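Engineer: Before anything else, here's the structure in question.
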Amino acid sequence: CKEPGVPYTLETQRQVLCIEHHPSKDWQIQACPAPKNVIFDMETQDPDDFLTLCWLTANPRVHLVGVTVTPGTQEQIGLIHETLYQCKVPSLSIGSFDPTREDGCVSAFHYNVMPGPRKFPGSDTGANVIRECLREYPDATLLTGGPLKNLHKFLETYPDVVLQHWVAQGGFAGD
């Protein structure tokens, strides 16, 4: 049982339905609002951003349109590719702050929950992926969980591109 006021979601072939129960009302079924377009900027030194990525892929109210990672090693890109594959998400652009870095920056936690990721180069730089996502989805929200290097490079490189929504999350969850 869910707490009162916490909506259930039900995916049908045509739309996502929200089913809510409030203590003072009966059950209500209605179409959920359109999913929000989200670009996720992350790192992989600890589990929190990995768990956020999994949550974003499973949430019917989110349309994940791109992922950027700092520093963006090929090992990190491989982990993100494998995560998206396991979560049955179609191919997305994955941007890297430093596309020349090959190894490292993936914590032991990730190897305990995922098969060893293969190394992949990023699709492009993080700044370019953010720009391309905003070109296609101008209402997209940038959710940042890691160091703000990709956001800084984007703002520095594309000062005329408007980022309407930015949500920052920070902290260390630990291994």
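The values are calculated or read from the model by the stated rules, or taken from the named source; none is laboratory data. Nothing here was measured: the structure is a model prediction, and the numbers come from that model. Note: ideal-geometry Cβ built from the backbone for every residue, glycine included; neighbour counts use all protein chains shown. The accessibility values were calculated without ligands, DNA or RNA, using every heavy atom of the protein model including side chains. Shrake-Rupley method; radii C 1.70, N 1.55, O 1.52, S 1.80 Å.
Engineer: Measure off 7 Å from each Cα along the Cα-to-Cβ vector at Thr100 and Arg61, then give the distance between these two points in nanometres to one decimal.
Structural biologist: Between Thr100 and Arg61, the label points sit 4.3 nm apart.
Engineer: Of the accessible area of the range 33-175, with the probe set at 1.4 angstrom, what percent is carbon plus sulfur?
Structural biologist: 56 percent
Engineer: Could you calculate the FRET efficiency of Lys119 with Tyr158 from 1/(1 + (r/R0)^6), where r is the beta carbon distance between them and R0 is 22 Å, rounded to 0.05?
Structural biologist: 0.20
Engineer: Ok, one more. Which value, in Å², gives the accessible area per residue of the range 42-175 when a 1.4 Å probe is used on the protein heavy atoms?
Structural biologist: Result: 51 Å² per residue.
Engineer: Per-residue HN-Hα couplings for the range 40-46, Karplus 6.51 cos²θ - 1.76 cosθ + 1.60 at θ = phi - 60°, whole Hz, x for Gly and Pro?
Structural biologist: Once rounded to whole Hz, the list reads 10, 9, 9, 9, 10, 6, 8.
Engineer: Now a separate question. Over the range 62-112, what is the mean sequence separation of C-alpha contacts under 8 Å (at least six apart), divided by residue count, expressed as relative contact order in percent?
Structural biologist: 50 percent
Engineer: Apply the a/c threshold of 1.5 to the C-alpha gyration tensor of the range 90-146 and tell me whether it is rounded, prolate or oblate.
Structural biologist: Since a/c reaches 1.5 and a/b is larger than b/c, the shape of the range 90-146 is classed as prolate.
Engineer: OK, next. Sum up the charges of everything whose Cβ sits under 14 Å from the Cβ of Val161, counting Lys and Arg as +1 and Asp and Glu as -1, but leave Val161 out.
Structural biologist: It works out to a net charge of -2.
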